[in-house]
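Q: Take a look at the following structure, please.
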Amino acid sequence: MTAPAVTGASPRPSAALKRLTGAVTFLLPLVVLVIVWEAAVRITQVHPGVFPGVGAVMKAGAESIRDGSLWMHVGASMGRVMLGTVLAILVGVPLGVLMGVSPAVSTFLTPLFRFFSVLAGIAWIPIATLWFGYGFGAIIFVIFNAVFFVVAYNTLLGVSGIPITLRNAAASLGAGPWTMLREVLLPGALPNIVTGIRTGLGFAWRGLIAAEMIATNVGLGYMLFLARDFYRTELIVFGMVVIGILWLLIDRLILAPLERRTIERWGLVRS
Amino acid sequence: MIAAENPFARVWGAYLRLIARFPSVGQIVPFLPLIALWALVVELGVFPRAFFPGPVDVVQSFITLTWKGILPAYLEDSVVRLLVGAAVGIAVGIPLGLLVGLSSKAHKALWPILLFFQAIGDIAWLPLLIIWFGFGLQTMTFVIVYTVLFPVVLNTVLGVRSIPLELHRAGRSLGAPPWRIVTEIVVPGALPNIITGLRNGLGYGWRALIAAEMIVGTSGIGFLMFDSRRAGSVVEILLGMIVLGLLWYAVDALILAPLERATGQRWGLVAR
Amino acid sequence: MKSLSIRNLSKTYFDPYAGKHVTAVQAVSLDVPEGEFVCVVGPSGCGKTTILNMIAGFIPLSGGEIVVDGRSVSGPGPDRGVVFQSHALFPWKTVLENVAFGPKMRGVPLADREAIAREYLALAGLAHAADRYPNELSGGMQQRVGVARALANQPAVLLMDEPFASVDAQTRMTLQEELTRIWQERRPTIIFITHDVPEAVFLANRVVVLSKGRVLKEIDIDLPRPRVWDALIEDERFKTLSAQVLQLVRSA
Ligand SMILES: Nc1ncnc2c1ncn2[C@@H]1O[C@H](COP(=O)(O)OP(=O)(O)OP(=O)(O)O)[C@@H](O)[C@H]1O
Ligand SMILES: [Mg+2]
């Protein structure tokens, strides 16, 4: 059979097909990894309490889905991350803009925010659990400050990095403070803000898992730590895979494209 | 300008000139009002003192713990762990990154796996590591190496792939054999990215270390903080946090910043 | 015999967007004897860069043969020095280290290769900039270093792809005069690609006009040397030759 001559139809592979082959080439190595893992477990005959096989992990996963515990833990973790992050952005961005507008204020406050963004996240767990007790409040606090300081610091950098000529130009075109904020300051700082959110969330996600291991009785971190008490490595590995997939989804499907879009759109870096 | 008559503006101008000459002053002075505010809140007794100790208490505990030798010993433990982790992470991460960056076959095969393992994150490994190695040094070392490794690998790959084709071509038409292309062009070209990876890796690794010390540790700054938490001693927790912050400044000033100044900034590859 | 000879060279690309093969270079033959300065001109997209990249060995040939110094070419090599439009200096090496790179790859000891590098830097008028990094130089200086780096390797042929296209007009004229001076002093074999007709006529012994991947015409430039712009700009011969080449390029 000869291929039909190309007529009106586009000879290019369709976008959907391209995305599909992209997904397959991405997943293939991971599938191979799973096969290698299973083969290694069978060949070495390692004790399942030390290193579980694929089947055991899938069974543990299926069970945790059936009895609803997976959704409970995932729901708790995601809920905390979202709440803490949204709060941090709501407070951090306006504060960062306010601080960045005046060169004097930003010169003075930059070192402070740098210090606290260095500390952001895990280092706050001990004091947060003392102040708020074990549980929801402490975890939200850890996530909040992981995101807050990094976002506020990056917003501050972004706003104070907007060329003064741009602000003068807008002012001479008659922009009031509100227009200035909407049309110049926020768009100008947006790439920095998004980068800040991405970095902050990276810290927050780790802080979350650590805090859940220490300070709560629900959530993915707790699920892992509880499974450890019973030497249920298959449940631990399943939890790790869930954590990996969740973060890949958050980072690759939301944060990275967002960052790329804002940075590229304003031509701040090439390509 | 009218503002020049204003005494505040004059003081501010003097301050700006001062920090222009001594940048480190500008990094310290802003903390003074913050510490004063902190001391004031404590003196006013807004919160119970045991719950919210003041700067003086922290300094006192610093002196006591240093005098007893606990703080220096813990600090040394943490720093050594961090350095070992960084060294292994670099020694493995850079060659791996070069391989994945240079060979499109290796890239196809390994890139998704690298992304996935990075996404799992260091801390999620702790329960499994505790089962494997118990509570102790091996577990912590693994976590640190793991955390430093991925940012270094991923950034090395990015760096290798960002080297313009022209530079490869220039090297080859000047007679460089493949391995010289790697040492003379690929490694230096990727170096700014590698250092960025190291910066991110240490930033994450150092957080992971604290978490590991809290959860499995028997020494180190993270352990100090968590142990104090058990004892309900807020002042030592605050001390630990301040030490951690300063430790990062030291790593930045002594290792990362000089590296960046000597490489990418000098070559005009990254903005100063 | 350090000459270059191209026989029946052709190149087809697969264009993934059109879904078919396109011919960029078709049956090009060209002989460049030792010490000649040849300029290749032609409208955008006529295949100039493709030819140069094949000579340099950066891309495979679809047909034909390239013989340099009696040997058939496959892959890049130090017998063919390249000067790039985007200078392609190594940002992490000083100017001196850049120029010494070729000799270093040949295993020349440090002191000797630095001496070689200094010699060629002096030839390019850049002795004072030896210890600077490329990003600390102006565009014109960067191109001079690029020329010095290629020459320091003593290639049989020097290949230049629009090396002066991105410098300002004054600097470009200076660079052109310097290049003719260097050529007269050292007599390297040069293939110089440009779409700037006066530049081609100013520099070359022979101008090759390309059109749609084929050689349209070769024109000998018998202007006297040394060539300087002050003299040539009003020169009748120069004007007629330029007009002749320009007409060919525009009709191409
Ligand atoms: N990698 C490639 N894939 C497909 N087609 C290509 C590729 N490189 C070049 N071409 C095509 O080959 C033809 C010749 O390109 P080439 O770059 O040699 O032109 P040029 O004469 O150097 O043009 P210019 O003066 O604009 O630099 C063009 O039609 C171009 O589209
Ligand atoms: Mg071209």
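The values are calculated or read from the model by the stated rules, or taken from the named source; none is laboratory data. These numbers come from a predicted model, not from an experiment. We place every Cβ from the backbone using ideal geometry, glycine too, and count neighbours over all the protein chains shown. What goes into the accessible areas is simple: the full protein's heavy atoms, side chains included, and nothing from ligands, DNA or RNA. Shrake-Rupley method; radii C 1.70, N 1.55, O 1.52, S 1.80 Å.
Q: For chain C, with a Gaussian network of springs between Cα atoms less than 10 Å apart, report the residue from C:A18, C:A88, C:A156 with the top mean-square fluctuation.
A: C:A18
Q: So what is the accessible area of the stretch B:55-267 per residue, in Å², with the probe set to 1.4 Å? Walk me through the numbers on the way to the answer.
A: Working: 8020 Å² over 213 residues.
Per residue, the stretch B:55-267 has 38 Å² of solvent-accessible surface.
Q: Where the centre of each part is set by its Cα atoms, how far does the stretch C:120-162 sit from the stretch C:6-52, in angstrom?
A: 27 Å
Q: Okay, moving on. Whenever you get a sec, compute what percent of the accessible area on chain A sits on carbon and sulfur atoms (1.4 Å probe).
A: Working: 9690 of 13640 Å².
Carbon and sulfur together cover 71 percent of it.
Q: For the stretch C:177-252, which whole percent of the accessible surface, found with a 1.4 angstrom probe, sits on carbon and sulfur atoms?
A: On the way: 1890 of 3760 Å².
Using a 1.4 Å probe with all protein chains present, the stretch C:177-252 comes out at 50 percent carbon and sulfur.
Q: Moving to a separate point now. Please list the three semi-axes, largest first and in whole Å, of the ellipsoid equivalent to the stretch C:163-252, using sqrt of 5 times the eigenvalues of its alpha carbon gyration tensor.
A: Working: eigenvalues 84, 45, 38 Å².
Equivalent ellipsoid of the stretch C:163-252: 20, 15, 14 Å, largest first.
Q: Which residues, if any, in the stretch A:95-115 have at least 20 Å² less accessible area in the whole protein complex than in the isolated chain, probe 1.4 Å?
A: Flagged in the stretch A:95-115: A:A104, A:T107, A:F108, A:P111, A:L112, A:R114, A:F115.
Q: Same structure, new question: Helices from chain B with mean Kyte-Doolittle at least -0.5 and a Cα length along the axis of 30 Å or more, per DSSP H: which?
A: Values: long enough: B:70-102 (47 Å, 1.74); B:137-161 (36 Å, 1.56); B:187-216 (40 Å, 0.77).
Correct list, ordered by number: B:70-102, B:137-161, B:187-216.
Q: Follow-up. Taking square-rooted eigenvalues a ≥ b ≥ c of the alpha carbon gyration tensor, is the protein assembly as shown rounded, prolate or oblate, where a/c under 1.5 means rounded and, failing that, a/b exceeding b/c means prolate? Before the final figure, lay out each step's value.
A: On the way: a/c = 2.29, a/b = 1.70, b/c = 1.35.
In terms of gyration-tensor shape, prolate.
Q: To the nearest 0.05, what FRET efficiency results for B:L18 and A:F132 with a Förster distance of 45 Å applied to their C-beta separation?
A: FRET efficiency, B:L18 to A:F132: 0.65.
Q: What does the accessible area per residue of the stretch A:53-270 come to in Å², with a 1.4 Å probe and no ligands, DNA or RNA counted?
A: Result: 42 Å² per residue.
Q: Same structure, new question: Starting from the alpha-carbon convex hull of the stretch C:87-154, give the projected area averaged over all orientations, in nm².
A: Averaged projected hull area, Cα only: 3.9 nm².
Q: For the protein assembly as shown, with the dipole built from +1 on Lys and Arg beta-carbon atoms and -1 on Asp and Glu ones, taken about the Cα centre, which of B:G197, A:G202, C:N8 lies farthest toward the positive end?
A: The residue sitting most towards the positive pole is C:N8.
Q: A further question follows. Using a 1.4 angstrom probe on protein heavy atoms only, which residues from the stretch B:157-173 are buried by at least 30 Å² of accessible area when all chains are present rather than their own chain alone?
A: B:E166, B:L167, B:R169, B:A170, B:R172, B:S173
Q: Here's another thing I want to ask about it. Given a Förster distance of 30 Å, report the FRET efficiency between A:M82 and B:A50 from their Cβ-Cβ distance, rounded to the nearest 0.05.
A: Working: r = 34 Å, r/R0 = 1.14.
Approximately 0.30, to the nearest 0.05.
Q: Direction-averaged shadow area of the convex hull around the Cα atoms of chain C, nm²?
A: 14.1 nm²
Q: In chain A, which whole DSSP H runs stretch at least 15 Å along their own axis (Cα) and average -1.0 or higher on the Kyte-Doolittle scale? Don't jump to the answer; show the numbers that get you there.
A: On the way: long enough: A:15-44 (44 Å, 1.58); A:54-66 (18 Å, 0.52); A:69-101 (48 Å, 1.61); A:103-119 (24 Å, 1.30); A:136-160 (35 Å, 2.04); A:186-215 (40 Å, 0.92); A:233-248 (22 Å, 2.27).
Helices passing the filter in chain A: A:15-44, A:54-66, A:69-101, A:103-119, A:136-160, A:186-215, A:233-248.
Q: Based on Cα positions only, what radius of gyration and what Dmax would you give for chain B, in angstroms?
A: Rg, Dmax (Cα atoms, Å): 23.6, 75.
Q: Choose one answer from B:V79, B:V143, B:V11: the residue with the largest mean-square fluctuation in a GNM of chain B with alpha-carbon springs under 10 Å.
A: Maximum among the listed residues: B:V11.
Q: Here's a follow-up. Estimate for me the total accessible surface buried between chains B and A (protein heavy atoms, probe 1.4 Å, no ligands or nucleic acids), in Å² to the nearest 100.
A: Approximately 5100 Å², summed over both chains.
Q: Of A:A23, A:M223, B:P188, whose Cα points farthest to the positive end of the dipole of the protein assembly as shown (charges on the beta-carbon: +1 Lys, Arg; -1 Asp, Glu; origin at the Cα centre)?
A: Projecting each Cα onto the dipole axis, the largest value belongs to A:A23.
Q: What residues have an amide H closer than 5 Å to that of C:I193, excluding those fewer than 5 places away on the same chain, when H is modeled at 1.01 Å from N in the peptide plane?
A: Long-range HN contacts for C:I193: C:V40, C:M160, C:D161, C:E162.
Q: Looking at A:F108, A:G135, A:V184, which one has the Cα that reaches farthest to the positive end of the dipole of the stretch A:53-270 (charges on Cβ: Lys, Arg +1; Asp, Glu -1)?
A: Projecting each Cα onto the dipole axis, the largest value belongs to A:V184.
Q: Ok, one more. Per the helix-only calculation at 222 nm, which mean residue ellipticity applies to chain B, given -39500 (n - 2.57) for every DSSP H run of n ≥ 4 and division by its residues, nearest 500 deg cm²/dmol? If you can, show how the numbers build up before the last one.
A: Numbers: 14 runs with 208 residues, N = 272.
Helix contribution divided over all residues of chain B: -25000 deg cm²/dmol.
Q: Moving on. Across all directions of projection, what mean area in square nanometres is found for the Cα convex hull of the stretch A:162-255? Kindly include the intermediate steps, with their values, before the conclusion.
A: Details: hull surface 33.1 nm².
The directionally averaged projection comes out at 8.3 nm².
Q: Select from the stretch B:202-216 all residues whose loss of accessible area on going from the chain by itself to the full protein assembly reaches 30 Å² or more (probe 1.4 Å).
A: Hits at the 30 Å² cut-off: B:Y204, B:R207, B:M214, B:I215.
Q: Another question about this same structure. Can you compute the charge dipole magnitude of the stretch A:53-270 about its Cα centre, using +1 on each Lys and Arg Cβ and -1 on each Asp and Glu Cβ, nothing else charged? Give it in debye, rounded to the nearest 20.
A: Working: 15 positive and 9 negative charges, 85 e Å.
So the magnitude is around 400 debye.
Q: Leaving out ligands, DNA and RNA, calculate the buried accessible area for the pair C and B with a 1.4 Å probe, summed over both sides, in Å² to the nearest 100.
A: 2100 Å²
Q: Also, I was wondering about something else. Sum up the charges of everything whose Cβ sits under 11 Å from the Cβ of C:L9, counting Lys and Arg as +1 and Asp and Glu as -1, but leave C:L9 out. Before the final figure, lay out the partial values.
A: Numbers: positive: C:R7, C:K11, C:R214; negative: C:E65.
Surrounding charge for C:L9 is +2.
Q: Would you report the distance distribution of C-alpha pairs in the stretch A:53-270 as whole percents per 5 angstrom bin, up to the bin with the largest distance?
A: With 5 Å bins starting at 0, P(r) equals 1, 7, 13, 16, 15, 14, 10, 8, 6, 4, 3, 1, 1, 0.
Q: Here is a follow-up. To the nearest 0.05, what FRET efficiency results for A:V54 and B:Y249 with a Förster distance of 41 Å applied to their C-beta separation? Present the calculation step by step, with values, prior to reporting the outcome.
A: On the way: r = 46 Å, r/R0 = 1.12.
Between A:V54 and B:Y249 the formula returns 0.35.
Q: Taking the Cα of C:K212, stepping 7 Å toward and past its beta carbon, and measuring to each backbone N in the stretch C:219-252: which are under 11 Å?
A: C:252
Q: Quick one: Kirkwood hydrodynamic radius for the stretch B:201-272, alpha-carbon pairs, angstrom, one decimal? Intermediate results must be reported in sequence, preceding the final value.
A: Details: mean 1/r = 0.0726 Å⁻¹.
With all distinct Cα pairs of the stretch B:201-272 included, I get 13.8 Å.
Q: Per residue and in Å³, how big is the convex hull formed by the alpha-carbon atoms of the stretch A:77-180?
A: 103 Å³
Q: Cα to Cα, under 24 Å, and not fewer than 8 places away if on the same chain: which lysines meet these conditions relative to C:K93?
A: Hits, sequence-local ones excluded: C:K104.
Q: Also, I was wondering about something else. Considering only protein heavy atoms and a probe of 1.4 Å, how much of the accessible area of the stretch B:18-134 is carbon and sulfur, as a whole percent? Walk me through the intermediate numbers first.
A: Values: 4740 of 6170 Å².
The value for the stretch B:18-134 is 77 percent carbon and sulfur by accessible area.
Q: Which whole number gives the average, over all residues in B:185-195, of C-beta atoms from other chains lying within 10 Å of the residue C-beta? The partial results should precede the final answer.
A: Working: counts 4, 0, 1, 4, 3, 0, 1, 2, 0, 0, 0.
Whole-number average of other-chain Cβ neighbours for B:185-195 is 1.
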